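The values are calculated or read from the model by the stated rules, or taken from the named source; none is laboratory data. All of these numbers come straight from a predicted model, not from anything done at the bench. Here the Cβ positions follow ideal geometry from the backbone for every residue, glycine too, while neighbour counts run over all protein chains shown. Ligands, DNA and RNA are stripped out before the accessible areas are found, and what is left, the full protein with its side chains, is counted by its heavy atoms. Shrake-Rupley method; radii C 1.70, N 1.55, O 1.52, S 1.80 Å.
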Amino acid sequence: MSGELSLLVYDTRTGRVVDEWEMASQPRWSRRLSAPASLSVDVHVPDLEHKDDMWALLDMWRFSLALVEDRTALVAGPMISADFRDREGAPVLAIECGDPWSILMRRLCMAPTATNPREAASNVQLGPNSLAGLAAELVEAALDRPAGDLPLIIPTGLPAGSHGRVYNAFDLAFFGERLTELSQVSDGPELDFHPLLQDEGATIRHEVRIGAPALFQAGEPHVYDYGTTLSSLDVDFDGSRNAHSWWVRGDGMSVELLYGYASSDTYTNAGWPRLESVDSSHTSTREQELLDGYATANRDTYGDSIYTYGATVRWDGTDPSGRQTGAPHIANVRLGDHVMASVQDHPLLPDVDLVFRVLGIQATGQSDPTLELLN
């Protein structure tokens, strides 16, 4: 069974819930592995007697919204923009929100008190550690910046390792960019800022989930049955980035250019035409290990077409008649989880049990959500 959705307002830096707003329409939200979440919601503006209470909380970034069902947070993050149009009828405010990753995309990767990016003391030096451990160190370094506190739960006990990083301040890159880059190297960690409603509904926090390298649930996969708890299964074949040899441009120009390289003959030996590509998204990188890591990750990811699936599933895991089936409520599906789908009589796919991983979740209100799946 589904509970009612509510919209909580909370202090971005402390997580303290300060108010609850009434929604005027079904909210639209999405979350994805290693990427910012989003929430789009229309809220009713209070009557004249209470409008000042809302006005006091309409400080973008300072205050955040959390979409909650019962005691479970579905998505949460800072208000980034709000739009009000003075028209006839009930006054409504349209609000767009991000999540903590959005904040880290606006926080420069520098030492805690740095102001001069040319100074070596302004650099951020991490490690030795595992790649997952480096991700945790990056988040901690972001929180160490002035007024940098956020209600994040950073994991401990991650695997040890020998990796290190020196992030030069003069690159003027953001912590969110550095996290993205770290997730993109070969065996880089998957990341998820998972929202939590705690302290009997008084506080919103985010659990920083870091894979080593992948995120997954303990226990058995979630099970859906095509035609009942899984109403439709779209398939996307994307070969637009296919290549079997990858060059990654690093720092430098002309004959001084640094580059990473990785190649495989697996697909060409099986009959594919040779495809080659250049990745120019790491042109400030100077470390050969990193450039080769990006090239290896691209080769492993894009050697073949990427097959992703859009699965429309039942919000509460019941069948169309409302009977319990064993499929999960959407609040119990986390990014990275494994899903098994029993597929019979699909218009394209063969009759088979498929195992996927959840890359993303998106929904409008409590209508049946769509899971982005990778086979």
How far apart, in nm, are two points set 7 Å out from the Cα along the Cα-to-Cβ line at ASP265 and at ASP187? 2.6
Per residue, how much accessible area does the chain show when a 1.4 Å probe rolls over the protein heavy atoms, in square angstrom? 49
Fraction of beta bridges assigned by DSSP in the chain that are antiparallel (%, nearest 5): 90
Kirkwood Rh for the chain from C-alpha pairs, in Å, is 22.8
Heavy-atom SASA rank of ILE80, ILE204, ILE306 (probe 1.4 Å, accessible area, largest first): ILE80, ILE306, ILE204
Do the sum for the chain: with -39,500 (n - 2.57) for every DSSP H run of n ≥ 4, divided by all residues, what is the mean residue ellipticity at 222 nm, to the nearest 500 deg cm²/dmol? -4000 deg cm²/dmol
For region 21-131, what class follows from the C-alpha gyration tensor (a ≥ b ≥ c being the square roots of its eigenvalues): rounded when a/c is under 1.5, otherwise prolate if a/b is larger than b/c, else oblate? prolate
Stokes-Einstein D for region 252-375 at 25 °C, 0.890 mPa s, Kirkwood Rh over Cα pairs, in µm²/s? 135
Sites ARG274 and ASP52 - FRET efficiency at Förster radius 56 Å, r taken between beta-carbons, to 0.05: 0.25
Once you order the gyration tensor axes a ≥ b ≥ c over the Cα atoms, which shape class does region 308-375 get: rounded for a/c under 1.5, otherwise prolate or oblate by comparing a/b with b/c? oblate
Pseudo-spin-label distance GLU88 to ALA214, built 7 Å along Cα→Cβ, given in nm, is 5.8
